[in-house]
Structure formats: structure tokens, C-alpha cells
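The values are calculated or read from the model by the stated rules, or taken from the named source; none is laboratory data. What you see is a predicted model, and the numbers here were worked out from it, not measured in a lab. No Cβ is skipped: glycine too gets one built from the backbone with ideal geometry, and neighbour counts run over all protein chains shown.
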Amino acid sequence: MNALLSGFLLGLSLITAIGTQNAFVLQQGLQKRHVFAVSLACSLSDAVLVFSGVIGFGAVISKAPWIAATMSLLGGGIPCHLRMQELLFGIPP
């Protein structure tokens, strides 16, 4: 029973957590702006992240350390770019 409850709570936490990407996708969907492109980009990026996690991202980084820095910059740079775009130009992401 303990494993069942643990699995249920883990699944619930994954479904109910609204992160930056999910909030952005929901916002674009509600505004009916670039829905297909946003959904495709998010799906592809999620697939790449899941795949890289499965094959062992640590093994990839050990052979090419620049990938970790690139992923960190992209992971932090994209949300920063979206916020700056909104602040400077009044364009919502």
C-alpha cells in the first residue's frame, strides 16, 4: 500500500505542478497564438530532455563539457528573453 500511495502522490505532483513552460503553453493556447508552433517546440524539447536523461546525460557531459554550459544558458536564457521582450516592447510571450 505504501508504494501505491507514493506512486499516486508522485503522479499527482507531476500533473498539478505548473511550471514556466506549462504556464506559457497554457497562455498561448488561451490566446490562440502560435499554438501549434509552441506545442511542437515544447514537445520536442521535452522529448530531447527525457531522451538525454534516459541515455545518461552525465555520460554525454563527461565527453563534451560544453554541452552542460550550453544547456544551462539556454535553460535560463529563454525565460529571460521572454520577460525582457515583454518589459521592453510590451509584447507578451
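From the set of residues in segment 42-93 that are outside any helix (DSSP H, G or I), of a type outside the set (A, V, I, L, M) and closer than 21 Å to Val25 by Cβ, which is nearest to the chain's Cα centre (by Cα)?
Filtering segment 42-93 for residues that are outside any helix (DSSP H, G or I), of a type outside the set (A, V, I, L, M) and closer than 21 Å to Val25 by Cβ, the one nearest to the chain's Cα centre (by Cα) comes out as Pro93.
Can Ala37 be described as part of a helix (DSSP H, G or I), surrounded by fewer than 12 Cβ atoms within 10 Å (Cβ to Cβ) and either at pLDDT 80 or above or not acidic (Asp, Glu) (or both)? Judged against the criteria, Ala37 is a match. Taking every residue in segment 62-80 that is surrounded by 10 or more Cβ atoms within 10 Å (Cβ to Cβ) and pairing it with any residue that is at pLDDT below 85, at least 6 positions away or on another chain, the pairs with Cβ-Cβ distances below 7 Å are Ile67/Val60; Ile67/Ile61; Ala68/Ile61; Pro79/Thr20. Hey, any hits in segment 44-55 for a residue that's surrounded by fewer than 10 Cβ atoms within 10 Å (Cβ to Cβ) and at pLDDT below 75? Within segment 44-55, one or more residues are surrounded by fewer than 10 Cβ atoms within 10 Å (Cβ to Cβ) and at pLDDT below 75. Selection of first residues in segment 13-28 that are of a type outside the set (A, V, I, L, M) and of second residues that are at pLDDT below 65 and surrounded by 10 or more Cβ atoms within 10 Å (Cβ to Cβ), restricted to Cβ pairs under 7 Å at least 6 apart or on distinct chains, gives the following pairs, ordered by first then second residue: Phe24/Pro93.
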